[in-house]
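A.B. asks: Have a look at the structure that comes next, please.
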Amino acid sequence: MEILLDWLKAHDSRIIFFVVVLAVAFVGAKAVSRGLKKLLHHSGIPNASIFINLSLVAIWTIAVAMVLQPVFGINPTTIVTALGVGGVAISLGLKDTIANVISGFGLMIGHVIHPGDQVSIQGVTGTVEDITWRQTVVRERNGNQLIIPNSVLNTSALERLTREGEACVKVAFTVKSGTDLKTAAKQIVAVLKSATADITDRRNPPQINFTGFSADGVQGEALLFATPGIDQARVRDCAVRTLAKEDFIV
């Protein structure tokens, strides 16, 4: 116990400096985090965690650099020199991470996507939840999260959708030859509207488009618009089951 007390007395100035720097860094990190969130919320800059995360990394890096020499007796320039010597090896080992960070900044600064955007990426449709320092998070309607590395997203075909486009469900059908198309379209709209009333947007009723001909009759397509939170597969299943009951549908 005496040895511990003697050690504390001998290094009290270092300990106090260490605690003060850590406390200031902690408070500063919290303040910067809150400030950036408010700034990003009220500005035209996309609100993504990549900016906040990199700011926090910078704050803690400065804090560590400040305590190295006074507290631990380590010259920061020695570490910088060592990092410079091993910089090539580190950059090769972290090339994917570096590419993701740079791609993330490119996506945000270029205003390619923002949190809240409705997008379609490689056949997957959903809402952009966040863009972190490494990846972009897209949530599908069924609740699944799609984690996409920023470098992959930056080189993939991406389609930004309107809310109506993201909610649109297409159901193909064929009407028997000789059927009056005007009457058939009205009947299809009526039955689909009734059957899907609880899972589709009432402001956007079903739409019918006739697209061509086949040996069985006239081909058509029904467009339905799922309500937020309803999986498109559920709407499609309900529509197919409903249309299968109609006599004029092949």
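A.B. asks: Take the residues of the range 27-41 that are open to solvent by less than 40 Å² (accessible area, probe 1.4 Å) and of a type in the set (Gly, Ala, Ser): which is farthest from ILE59 (Cα to Cα)?
C.D. replies: Across the range 27-41, the extreme among qualifying residues is GLY35.
A.B. asks: Further question: Please work out which residue is farthest from SER103 (Cα to Cα), limiting yourself to the range 150-165 and to residues that are within 13 Å of the chain's Cα centre (by Cα) and open to solvent by less than 40 Å² (accessible area, probe 1.4 Å).
C.D. replies: Going through the qualifying residues, I end up with LEU153.
A.B. asks: Can you go through VAL119, VAL128, VAL88, VAL24 and tell me which one is out of contact with any helix residue (DSSP H, G or I) (no Cβ under 7 Å at 6 or more places or on another chain), open to solvent by 80 Å² or more (accessible area, probe 1.4 Å), at pLDDT 85 or above and of a type in the set (A, V, I, L, M)?
C.D. replies: Checking each option against the conditions leaves just VAL24.
A.B. asks: In addition: Is there a residue being surrounded by 17 or more Cβ atoms within 10 Å (Cβ to Cβ) and closer than 22 Å to GLY178 by Cβ anywhere in the range 227-241?
C.D. replies: No: zero hits.
A.B. asks: What are the pairs with Cβ atoms under 6 angstrom where one residue, in the range 58-70, is under 16 Å from ALA29 (Cα atoms) and the other, located anywhere, is β-branched (Val, Ile, Thr) and in a helix (DSSP H, G or I)? Sequence gap at least six, or different chains.
C.D. replies: As it stands, the answer is ALA63/VAL21; MET66/VAL21, since those pairs meet every condition given.
A.B. asks: Continuing with the same structure: In the set LEU40, LEU8, which member is of a type outside the set (Ser, Thr, Tyr), at pLDDT below 80, over 35 Å from the mean Cα position of the chain (by Cα) and part of a helix (DSSP H, G or I)?
C.D. replies: LEU8
The values are calculated or read from the model by the stated rules, or taken from the named source; none is laboratory data. In this text the structure is predicted, and so the values were computed from the model without any measurement. Methodologically, a virtual Cβ is constructed for each residue, glycine included, from the backbone with ideal geometry; neighbour enumeration extends over all protein chains shown. Heads up: the accessible areas ignore ligands, DNA and RNA and are worked out on the full protein's heavy atoms, side chains in. Shrake-Rupley method; radii C 1.70, N 1.55, O 1.52, S 1.80 Å.
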